[in-house]
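Heads up, the thing below is written out as structure tokens.
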Amino acid sequence: MSKGKTFKYGMPIYGLHWPEGNTIYLCGGGGMGIKNRLVCASVQDGHLTDQTAEYLFGENCPMRLNMLPSNKSIVFAMGQGGIKRLDIDAQGRVPKFTEITGDLQMRISDIKAEVKCMSVREDGGYLCLGFITGELIVYEWPSFKVKLDLSGDKKLADGVRDVDFGCLNGSSVTGSVSSAEPRKGCGHIVAVTLDNGTCELWDWEKNSFLCRIEPGKLKQNLEKSIIISSESKTVIQKLPSGIERIQISKLRFARDGSGDLFTIFNTAQLGGHVARWGGIHALSSANTSTAAPSTSHQSSLPSLLACKKVSEHPCTCFEVSRTGNLLAFGTSEGGVVVTLAVRSYALVRKLLKAHMVFTTGITFSSDSKYVLSVSADASARVTEISNMSLNAAAKRDGAKIPGWARHLQGAMLLILLLLVVGLQVVRVLKQRGMSNGEIEAMVRRLVGLNAKDEL
């Protein structure tokens, strides 16, 4: 079986998923002689194999896919509108796919509009769909009971570009937050970005709007600022120097237990930046004092904690590793960038031309040792994250040396300095004719000790 770090699968690839193990799932197509299909392949020692299984969708192209946490079902957003679910039997050498039937299929078939993005909460209990026409709906899964319905006159101001559920409290992922520290769950929050370049956060359990993050407008003389607002409060925060006229394109919640939110700032001239927002948990906590949907008692808004340039070109896709310590970005020029998810977001890997055209999707292996990226040029690529590159990035970032170690280093340097000075003083005193005994007696007097013959 042929294999390589880069492999072409004969179709533009739009969606991907890499569950635990070696099997990957890719979807795409386009018609005009190009099959619309789901492809399974394998990753062996950092190399991709040819397809091991496929499922054909006929005339309807699968544009996105999400696998449920059980790894037994995949949900697809279809190019002609609506969603489709396939069940997976992966017990044999080759995965087998089955279309669902019955009540669930009937409920799924009621969805007609084009789904532009979707997210499954980490426990598999809820599915959020963002539509190209601005609707946002959260369903209980698989009952399909509607929990949040922003449609009709409630729909958002523009098409939904990206969506993510907040992480649950006590999430099992590991990261920079100590397991002894309380984790800040935001599982009832859903965050979205819109085609107009703004970001909104909603409490889907209470059907309530939490806040909006939007770039300042040139006509407001705020093109170098970001505006954070709820229904009762507005804060204007300056962007870091050199960043202006941004569009918020992609987002993901942090997976380190902090409850923070990452967003991508894209600019045509300045490339792609990653921004980290804190205070999301406090924002949701402020909405728990009453069961009625309300935002009037909010006491805080998210704050921009950090912003770092990660690419010379706009970022087209973005993902956080399941271990929580790495970020991966795909770019408009087919590039792949991997950084640390903490402190200065130090560079781990950078491939300027991983693909011939723009990168359509990116994800990590479950152990974060590899990054899988795909493109509309029909290619998939596996990029290794070596320990050497991780250690080099951590050294640049300063994260490799904990606080207690830095204090110990400082103390040792001080002791060494005192010893050097002391030896220099002894040498000068000897040059002036003092004996070792006289020098010892002088030192004892200086530190308050009596001579031996006085004890």
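The values are calculated or read from the model by the stated rules, or taken from the named source; none is laboratory data. Everything numeric here is computed off the predicted structure, so don't read it as measured data. Every residue, glycine among them, receives a Cβ derived from its backbone with ideal geometry; neighbour counts consider all protein chains shown.
Scanning segment 2-35 for residues that are at negative phi, touching a Ser or Thr at 6+ places or on another chain (Cβ under 9 Å) and outside any strand (DSSP E or B) turns up S2, K5, Y9, P12, W18, P19, E20, N22.
If you go through segment 162-177 and keep only what is of a type outside the set (S, T, Y) and either at pLDDT below 50 or in a loop (DSSP other than H, G, I, E, B) (or both), you end up with G166, C167, L168, N169, G170, V173, G175, V177.
Total residues in segment 78-119 satisfying the condition of being outside any strand (DSSP E or B) and touching a Pro at 6+ places or on another chain (Cβ under 8 Å): the figure is 2.
Out of all the residues in segment 148-156, is one or more closer than 18 Å to S208 by Cβ, in a loop (DSSP other than H, G, I, E, B), out of contact with any helix residue (DSSP H, G or I) (no Cβ under 6 Å at 6 or more places or on another chain) and of a type in the set (A, V, I, L, M)? Yes: one or more hits. Can you spot a residue in segment 317-340 that is crowded, with 17+ Cβ neighbours inside 10 Å, more than 24 Å from D164 (Cα to Cα) and either at pLDDT below 95 or of a type in the set (A, V, I, L, M) (or both)? Within segment 317-340, none of the residues are crowded, with 17+ Cβ neighbours inside 10 Å, more than 24 Å from D164 (Cα to Cα) and either at pLDDT below 95 or of a type in the set (A, V, I, L, M) (or both).
As a summary of the residue check, E54 satisfies the conditions (1) modelled with pLDDT of 95 or more; (2) over 24 Å from the mean Cα position of the chain (by Cα); (3) more than 24 Å from T383 (Cα to Cα) except for the one numbered (3). Of everything in segment 346-384 that is closer than 17 Å to S311 by Cβ, β-branched (V, I, T) and out of contact with any helix residue (DSSP H, G or I) (no Cβ under 8 Å at 6 or more places or on another chain), the residue that is surrounded by the fewest Cβ atoms within 10 Å (Cβ to Cβ) is V357.
Please go through segment 62-84 and pick out each residue that is at negative phi and in contact with a Ser or Thr (Cβ under 8 Å, 6 or more places away or on another chain). Steps first, please.
Of the residues in segment 62-84, the ones at negative phi are 62-70, 72-80, 83-84.
Listed by number, the residues that qualify are N66, M67.
Yes/no per residue for (1) hydroxyl-bearing (S, T, Y); (2) farther than 23 Å from E319 by Cα:
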residue: N207; (1), (2): no, yes
residue: S225; (1), (2): yes, yes
residue: K233; (1), (2): no, yes
residue: I246; (1), (2): no, no
residue: D256; (1), (2): no, no
residue: L261; (1), (2): no, no
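V75 fulfils the conditions (1) of a type in the set (A, V, I, L, M, F, W, C); (2) under 21 Å from I132 (Cα atoms); (3) part of a loop (DSSP other than H, G, I, E, B) except for a single criterion, (3). The set of residues from segment 328-344 being among the hydroxyl-bearing types (S, T, Y), in a strand (DSSP E or B) and over 15 Å from V357 (Cα atoms) comprises just one member, T339. For segment 178-222, the candidate set comprises residues that are modelled with pLDDT of 90 or more and hydroxyl-bearing (S, T, Y); within that set, the residue that is farthest from K147 (Cα to Cα) is T198.
Say whether the condition of being outside any strand (DSSP E or B), farther than 24 Å from K369 by Cα and assigned by TED's automatic domain parsing to the domain that holds S332 is met by at least one residue in segment 36-53.
Initially, segment 36-53 is screened for residues outside any strand (DSSP E or B), giving 36, 45-46, 50-52.
From the residues that got through so far, the ones that are farther than 24 Å from K369 by Cα too are 36.
With the extra rule that they be assigned by TED's automatic domain parsing to the domain that holds S332, the set shrinks to 36.
Yes, segment 36-53 contains a residue that is outside any strand (DSSP E or B), farther than 24 Å from K369 by Cα and assigned by TED's automatic domain parsing to the domain that holds S332.
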